Amino acid sequence: MPPRDVTAATSTLLTGKVVLVTGAGRGAGVGMARRLAAHGATVAVNYAASRAGADALVDEIRSAGGTASAFAADVLDPAAVDGLIAAVEAEFGRLDAVVNNAIAGDQQKDFDQATTAHFDRMYDFAVRAVVHTATAALPAFDRAGGGRIVNIVSELWNDAPAGWSPYAAAKGAMVGLSRSLSAELAPRGVTVNMVAPGWMIADAADEASEGSRSYTAGLPLGQRPYPEDIGDVIAFYLSDLAAGVTGAYLLVNGGRITQAGL
């Protein structure tokens, strides 16, 4: 899978839709938001501390002919999230979807070194932040006649390797919350789906290391996914093509099969 031009418009799949992506000022969120813009979405780029990255992404999307703006807000602060949703509606006139991607803190931590604070930090982003954005976005979705929520979970919830217990536990809680919300919000015209990325090329890693090469060689597709690949799956969930899909969980990991738990 060679690198692709992810800045040029690739479709009109999301034209007319306003999408908020949390934590899009850095890391994989940049590639996800970039890809949604390439499918025609108006993108609200949320960041907490990565203002430079968010501004750079907005400039990139606009230079490619898309529409985007950056919005500062800490998704762990309910009042800040209320203000975020209000600001997005004020600028773009509506809100059609929220992608819950934001995360921070030590994701990899051995259990005998993890503290309650580590577990709390992961839970904050995997559950509380989703509750905050969903609560604030629902009135906007009602005004728009429906909405979409996509939560970024992880294949680690399926794989559950040693050394990741705070992260895996929190992402498992995110899966449970997503499935319950998908049933509860369906009558309001709101779908809730999940994307579970594997080890992405964007993640900090030495691509030439033996561990990286060995892992990648073991993937059926022979390459780890790009964040833009995650963005393409998100685009499907946000599009009219997925009008009949909710509560779904999709691995994007290069084809690696993990243990049951889907």
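Only the coordinates and a few stated rules stand behind these numbers; no lab work does. Keep in mind that this is a model prediction, so the values were computed, not measured. In this analysis, Cβ positions are derived from the backbone assuming ideal geometry, glycine residues included, and neighbour counts consider all displayed protein chains.
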Sequence gap at least 6, Cα distance under 8 Å: using those rules, report the relative contact order of the chain to the nearest whole percent. 19
Considering only 50, 183, 80, whose Cα is most displaced toward the positive end of the charge dipole of the chain, charges sitting on Cβ of Lys, Arg (+1) and Asp, Glu (-1)? 183
Pair-distance profile P(r), taking every C-alpha pair of region 18-252, with 10 angstrom steps and integer %: 8, 33, 38, 17, 3, 0
Based on the mean of other Cβ atoms within 10 Å per residue, sort peptides 138-151, 38-51 so the most packed one is first. 38-51, 138-151
Among DSSP beta bridges whose residues both lie in region 41-192, state the antiparallel percentage, nearest 5. 0
